[in-house]
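The values are calculated or read from the model by the stated rules, or taken from the named source; none is laboratory data. What you see is a predicted model, and the numbers here were worked out from it, not measured in a lab. All Cβ positions, even for glycine, are placed from backbone atoms using ideal geometry, and neighbour counts span all protein chains on display. Each accessible area value is taken on the protein alone, full model and side chains, heavy atoms only, with ligands, DNA and RNA left out. Shrake-Rupley method; radii C 1.70, N 1.55, O 1.52, S 1.80 Å.
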Amino acid sequence: MKDLKERAIRGGFAKVCAQAANFTLRIGSLMVLARLLDPKDFGLVGMVTAFTGVLNLFRDFGLSAATVQRVDVTEEQTSTLFWINILVGGILGLLLAAMAPLVVSFYHEPHLFFVTIVLATAFIFNAAGVQHSALLQRQMRFTALATIDVISLIISTTLGISMAVAGYRYWALVVAAVSLPLVTTVCLWFTTGWIPGRPRTGVGLHPMMRFGGTITLVSIVVYIAYNFEKVLLGRFWGAAAVGIYGRAYQLINMPTDNLNSAVGEVAFSALSRVQKEPARLRNYFLKGYSLVLALTIPITIAVALFAHDLIFVLLGPKWNDAAEIFRLLSPTILIFALINPLGWLLFSLGMLGRSLKVALVLAPVMIGGYVLGLPYGPKGVAIAYSTVMTLWVVPHIAWGVHGTVISFRDIVRTVSRPLVSGMVAAALAFAVQFFWGQSLSPLLRLILGATVLLAVYVGMLFYVMGQKALYVNLLRGMAKRSPIDENALVSVA
């Protein structure tokens, strides 16, 4: 496809803008809700989401990724996949509802029964929009997807804050969580205009089911590896500990989730389209990888340097205990930025076996770290999380790129420029805050430090490291206009 590069760039720009809006909305809602609700309210919902998160990985059985990755997809295949998604969503919803008594018994929290029942409905809402979203991704209509994301988040956030103001406590979080997929699915149906046909057999779904099933298995193992500590903290330290740790973890993950969503969807779609063209695939991947790192490194540094001021400004003084956990988890922002894009590469190339092997090694290592840190509470778990991830990052990268068109040297070269720029910027920002920021309020001190950090970082990256041309070219690509030819990306018989 001749205009794939321009469309990928524009799609990435649309997603980045949408994720910036989403990030702002999420931070804003968290600032408001943190002042309206108590840590225990967040902890109660967090206890259930530790379970729903695992089940949520089954919500589309990896079939959306299978739809995007395939070179050609027929109407019969897409319609059949839709009904499979509905079936899976219904089963998951019923399963979670049936687990409600077990959740109450495990955590010794009777309030969790109806919370679990209500959250179970989200699986049906999600399932009904999976294939519609996948079709928009195949068509590279990321501006439409970005708009839907923002609209859905605005509506769900407004509902959540309104209920919190009205005094509904943790139910405000529950309603916000359930309304988000509902509104998203309604918008997806309206945007695509696609109405699924009846399911059929013998339409060549076996390879797609195998692909989706493997992705789901990888996602489950990775999710357990990255989230099992919340279950342990809830079981042995209670709702308040989960609330404190969970808010710090949520803030840490927001940049990673937003960037991975913004760039990852576009990158996976684009890389899947050029999977048979090694030179283009390598070029696209490294540019996307460079962009993610360039955006992530200053965020990582800001969290490490300004943790207490950030928590005070964002969440308020009653969340002060989360500040140290926030700082201890800061290395994981960069580490996730280093390893998550390898998933785009391996999935687009169909190398799912390797992804599964990596996940199966990672999970027991991470859980072992949590167990060692658990006796020391949330801080001990945070130290264990960051330590294990730091030790794991180099083997993960080397294993991930082995035998692909990307070399370990490519990764090192790509990482070195923004990393050196970040180190210089961090040193100057710390010095400015140390000598001139002590007498300022937390908000002014944060603004001062962040301004210096960003200015020095951009100057170093653009002019000392010579990366200005890369981002100028990206901006030029965003400005180009080309017609949308949906049939070039999706073949529907």
>> Restricting to the range 89-103, name every residue that is open to solvent by less than 30 Å² (accessible area, probe 1.4 Å) and either under 25 Å from the mean Cα position of the chain (by Cα) or under 18 Å from Lys230 (Cβ atoms) (or both).
In response: Gly89, Gly90, Leu92, Gly93, Leu96, Val103
> Taking the range 285-303 as the search range and keeping residues that are under 18 Å from Val266 (Cα atoms) and aliphatic (A, V, I, L, M), which one is surrounded by the most Cβ atoms within 10 Å (Cβ to Cβ)?
Replying inline: Val292
> Could you say which residue among Phe142, Phe42 is surrounded by 23 or more Cβ atoms within 10 Å (Cβ to Cβ) and at pLDDT 80 or above?
Replying inline: Phe42
> Of (1) open to solvent by 40 Å² or more (accessible area, probe 1.4 Å); (2) more than 25 Å from the chain's Cα centre (by Cα); (3) in contact (Cβ under 8 Å) with a residue 40 or more places away in the chain, Val118 satisfies all except one. Which?
Replying inline: (2)
> Can we say Pro375 is part of a helix (DSSP H, G or I), exposed (fewer than 14 other Cβ atoms within 10 Å of the Cβ), without any contact (Cβ under 8 Å) to a residue 12 or more places away in the chain and more than 23 Å from the chain's Cα centre (by Cα)?
Replying inline: yes
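Residues checked against (1) touching a Leu at 6+ places or on another chain (Cβ under 8 Å); (2) closer than 30 Å to Arg35 by Cβ:
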| residue | (1), (2) |
| --- | --- |
| Val303 | yes, yes |
| Leu310 | yes, yes |
| Leu338 | yes, no |
| Arg354 | yes, no |
| Lys357 | no, no |
> Applying the selection to the range 164-191, what residues are part of a helix (DSSP H, G or I) and among the small types (Gly, Ala, Ser)?
Replying inline: Ala164, Ala172, Ala176, Ala177, Ser179
> When the residues of the range 407-444 are filtered to those that are over 18 Å from Ile299 (Cα atoms) and polar (S, T, N, Q), which remaining residue is modelled with the highest pLDDT?
Replying inline: Ser407
> Looking only at the range 131-168, which residues are touching a helix residue (DSSP H, G or I) at 6+ places or on another chain (Cβ under 6 Å), under 14 Å from Asn22 (Cβ atoms) and among the polar types (S, T, N, Q)?
Replying inline: Ser152, Ser156, Thr157
> Residue check: is Gln275 in a helix (DSSP H, G or I) and either hydroxyl-bearing (Ser, Thr, Tyr) or surrounded by fewer than 22 Cβ atoms within 10 Å (Cβ to Cβ) (or both)?
Replying inline: no
> What number goes with the only condition from (1) part of a helix (DSSP H, G or I); (2) within 23 Å of Val45 (Cα to Cα) that Ile148 does not pass?
Replying inline: (2)
> Would you pick out the residues in the range 391-411 that are part of a helix (DSSP H, G or I), surrounded by 12 or more Cβ atoms within 10 Å (Cβ to Cβ) and more than 23 Å from the chain's Cα centre (by Cα)?
Replying inline: Phe408, Asp410
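This table checks each residue for (1) in contact with a Cys (Cβ under 8 Å, 6 or more places away or on another chain); (2) crowded, with 21+ Cβ neighbours inside 10 Å; (3) β-branched (Val, Ile, Thr).
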| residue | (1), (2), (3) |
| --- | --- |
| Ser133 | no, yes, no |
| Thr158 | no, no, yes |
| Ser179 | no, no, no |
| Val186 | no, no, yes |
| Thr192 | no, no, yes |
| Arg198 | no, no, no |
| Arg210 | no, no, no |
| Thr214 | no, no, yes |
| Lys230 | no, yes, no |
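Of the residues Leu346, Leu352, which is touching a Lys or Arg at 6+ places or on another chain (Cβ under 8 Å) and open to solvent by less than 20 Å² (accessible area, probe 1.4 Å)?
Leu346
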